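Structure first, then comments.
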Amino acid sequence: MAKKKKYYVVLKGRVTGIFDNWDDCKAQVENFTGAQYKSFESWDAAKQASRLGYFPAAATQQAAQQAKIAAADFDRVSIAVDAACSGNPGLMEYRGVDNQTGEQIFHAGPFANGTNNIGEFLALVHGLAYLKQRNSDLPIYSDSRNAIGWLHQRKVKTTLPRNAKTEKIWQLIDRALFWLENNRYSNRILKWETEQWGENPADFGRKK
């Protein structure tokens, strides 16, 4: 069966507009800070989103998620981390958010040839380093069991090969593992329970 065609809307990137293939879209958003893009299964839907200048379905979903988070029972004096990846491997980025204010406190990427699990792991280590610099013992929430496991084991169990294309990602992994081997922390690493509380506060609010 032929793969269903998709259309890609770029609202923030080197060039904005509608693209009929992922490679052209990727060229506009890769390594572009704050890139905003989304795929659609029809030209009409893509055209409407491009004309509006925002993604209404995502905005509605995000509002519902925020309402669910507001009613959730979790330690709000904390931070949350999350990652997003377009493809596997693909364009990956991650960030951390203050759970009291909703403010983004750090962001890294996009990086080419990453995976979501790697991004989640890097986000956790970045969060620990960020808090250590501020002498803070705030807990960190992540919705990735794999990343939390890698962190505790100090071992990244990824199948991503190490080659010329992935070397930059592997250098980030090496740096994160080096930090873990040479630093102690008292911060609790907690699992964000998505089914109970809605999306992680650090979620990027877009799904490719």
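Mind putting together the pair-distance distribution for segment 1-51? All Cα pairs, 10 Å bins, whole percent per bin, short to long.
30, 53, 16, 2
Points 7 angstrom from Cα along the Cβ direction at residue 47 and residue 183: gap in nanometres?
5.1
Given a 1.4 angstrom probe, what's the average accessible area per residue across the chain, in square angstrom?
Values: 11440 Å² over 208 residues.
That works out to 55 Å² for each residue.
Okay, helix-only estimate at 222 nm for the chain: each DSSP H run of n ≥ 4 adds -39500 (n - 2.57), divide by all residues, round to 500 deg cm²/dmol; what do you get?
On the way: 7 runs with 80 residues, N = 208.
Mean residue ellipticity at 222 nm (helix-derived): -12000 deg cm²/dmol.
Can you give the FRET efficiency to the nearest 0.05 for residue 16 and residue 88, using r as the Cβ-Cβ distance and R₀ = 25 Å?
Numbers: r = 26 Å, r/R0 = 1.03.
E between residue 16 and residue 88, to the nearest 0.05, is 0.45.
Let me check against my output: what whole-number percent is the relative contact order of segment 79-191, with C-alpha pairs under 8 Å and at least 6 apart? Don't skip to the answer; put the middle values down first.
Values: 195 pairs, mean separation 30.3, N = 113.
RCO, segment 79-191: 27 percent.
Checking the cross-link filter: which aspartates and glutamates have an alpha carbon closer than 19 Å to that of residue 12, excluding same-chain neighbours under 8 positions apart?
Here the aspartates and glutamates satisfying the reach criterion relative to residue 12 are 20, 23, 24, 30, 93, 203.
Would you kindly find the accessible area of residue 154, with a 1.4 Å probe and non-protein molecules such as ligands, DNA and RNA excluded, rounding to the nearest 10 Å²?
Its heavy atoms expose roughly 90 Å² to the probe.
With the convex hull built on the Cα atoms of segment 79-191, state its orientation-averaged projected area in nm². Show your work: numbers first, answer last.
Numbers: hull surface 26.1 nm².
Projected over every direction and averaged, the Cα hull of segment 79-191 covers 6.5 nm².
Ordering 128, 190, 52 by how much accessible area each has at a 1.4 Å probe, largest first, what is the list?
Details: 128 0, 190 40, 52 75 Å².
Of 128, 190, 52, the descending order of accessible area is 52, 190, 128.
Quick one: which of 12-21, 104-113 comes out on top by average Cβ neighbours within 10 Å, and what's the full order, highest first?
On the way: 12-21: 14.9, 104-113: 18.5.
Averaged packing, sorted descending, gives the order 104-113, 12-21.
Treat every Asp and Glu Cβ in segment 79-191 as -1 and every Lys and Arg Cβ as +1, leave all other atoms uncharged, and give the resulting dipole magnitude about the Cα centre to the nearest 20 debye.
So the magnitude is around 380 debye.
Could you order 120, 181 by accessible surface area, starting with the largest, using a probe radius of 1.4 Å?
Details: 120 5, 181 120 Å².
Greatest to least solvent exposure: 181, 120.
Which of rounded, prolate, oblate describes the chain, given a ≥ b ≥ c as roots of the alpha-carbon gyration tensor eigenvalues and a/c under 1.5 marking rounded, otherwise prolate only if a/b is larger than b/c? Could you put the intermediate results ahead of the total?
Working: a/c = 2.16, a/b = 1.36, b/c = 1.58.
Since a/c reaches 1.5 but b/c is at least a/b, the shape of the chain is classed as oblate.
Can you compute the modelled spin-label distance between residue 106 and residue 77, with each label point 7 Å from Cα toward Cβ, in nm?
Going from the residue 106 label point to the residue 77 one covers 2.2 nm.
Once the other residues with Cβ under 11 Å from the Cβ of residue 190 are scored (Lys, Arg +1; Asp, Glu -1), what is the net sum?
On the way: positive: 188, 191; negative: 75, 143, 193.
Net charge in that neighbourhood comes out at -1.
May I ask you to derive the relative contact order of the chain, considering only C-alpha pairs under 8 Å and at least 6 residues apart, and to give it as an integer percent?
Numbers: 362 pairs, mean separation 42.1, N = 208.
This gives 20 percent for the chain.
Going down the list 26/132; 165/191; 26/191; 132/155, which pairs span over 24 Å between their C-alpha atoms? Show your work: numbers first, answer last.
Details: 26/132 35 Å; 165/191 32 Å; 26/191 32 Å; 132/155 21 Å.
Flagged as over cut-off: 26/132; 165/191; 26/191.
How many percent of the accessible area of the chain is carbon or sulfur, using a 1.4 Å probe? Mind showing how you got there, number by number?
Working: 5330 of 11440 Å².
Accessible surface attributable to carbon and sulfur in the chain totals 47 percent.
The values are calculated or read from the model by the stated rules, or taken from the named source; none is laboratory data. For clarity, every value in this text was computed on a predicted model and none was experimentally measured. Counting neighbours? That spans all protein chains shown, and the Cβs are built from the backbone with ideal geometry, glycine included. For the accessible areas, the whole protein counts, side chains as well, though only heavy atoms, and no ligand, DNA or RNA atoms are used. Shrake-Rupley method; radii C 1.70, N 1.55, O 1.52, S 1.80 Å.
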